[in-house]
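Working notes, structure below.
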Amino acid sequence: MIQQLNDEMSGAVEDVRRSLVKIHNGHGGAGAGTIWHPDGLIVTNAHVVRGRRGLTVTLPDKRTLPARLLARDDRRDLAALSVDATGLSTIELGDSRLLKAGQWVMAIGHPFGVAGAVTAGIVIGEGSQLPEMAASGREWIAVSLRMRPGHSGGPLVDIDGRIVGINTMITGPDVGMAVPVHVVKAFLRQAGLGEAVAAASKARSEYV
């Protein structure tokens, strides 16, 4: 059973990496992002895209393209970008509201420049009353895993490779925080990108 679980998780990671991008903010910083629509819509953290100019995105096929900032919400630490590309692989959406404490998840990104690196752990809790961020008034997913600089903006996924959150910050040596995917959906709808939410909710295999 352990070998089967290992195989399933590694297969899920390979699928997710096809939707993982690297974002350069033009100020020497870099973070991760996730492809939400095959026509070039990318979601990341607001703190990854510090300014509106000089943004570029490196796709899984190694192409680096200029990116345009479509929407940004500093309070929720979310941003939406677009690049001039089509036929990109998208990530399958999970349901962050169904997460349970003790559930295995994986954070994928580019920590310290290591492309597509993965760290795994368990869900501590989900909601707006977590002790680590109780004063923020925002919904979070708290996870027991080792996020590092460069994981920001990348996907937090379940063992089936479905995105359940966007990696955002570290609040302790082994505690990371992610923005739940249902909060990301609301952000995109409010930004007038509801069509992209609907497209991302379809089976990922339609775009592969």
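The values are calculated or read from the model by the stated rules, or taken from the named source; none is laboratory data. Just so it is clear, the structure is predicted and the values come from calculations on it, not from any experiment. Here Cβ is always computed from backbone atoms with ideal geometry, including for glycine, and neighbour counts include all displayed protein chains.
Values as computed for the structure displayed
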| read-out | value |
| --- | --- |
| Which listed residue is under 17 Å from residue 15 (Cβ atoms), under 16 Å from the mean Cα position of the chain (by Cα) and in contact (Cβ under 8 Å) with a residue 12 or more places away in the chain, from 109, 87 | 109 |
| Any hit, the stretch 48-62, residues being at pLDDT 95 or above and buried (at least 22 other Cβ atoms within 10 Å of the Cβ) | yes |
| Some residue of the stretch 9-21 being modelled with pLDDT of 95 or more, within 18 Å of residue 108 (Cα to Cα) and not in a loop (DSSP other than H, G, I, E, B) | yes |
| Strands (runs of 3 or more DSSP E) wholly inside the stretch 45-161 that include at least 1 residues being in the same structural domain as residue 23 (by TED's automatic domain parsing) and polar (S, T, N, Q) | 56-58, 64-73, 78-83 |
| Residues (at pLDDT 90 or above and more than 17 Å from the chain's Cα centre (by Cα)) located in the stretch 112-130 | 124 |
| Within the stretch 138-162, considering residues that are under 16 Å from residue 35 (Cβ atoms) and not basic (Lys, Arg), the one surrounded by the most Cβ atoms within 10 Å (Cβ to Cβ) | 154 |
| Residue check, residue 194 on the phi > 0 side of the Ramachandran plot and either at pLDDT below 90 or not assigned by TED's automatic domain parsing to the domain that holds residue 24 (or both) | no |
| Set 71, 32: member being surrounded by fewer than 20 Cβ atoms within 10 Å (Cβ to Cβ), modelled with pLDDT of 90 or more and small (Gly, Ala, Ser) | 71 |
| Looking only at the stretch 162-190, and only at residues there that are among the polar types (S, T, N, Q) and part of a strand (DSSP E or B), the one that is modelled with the lowest pLDDT | 171 |
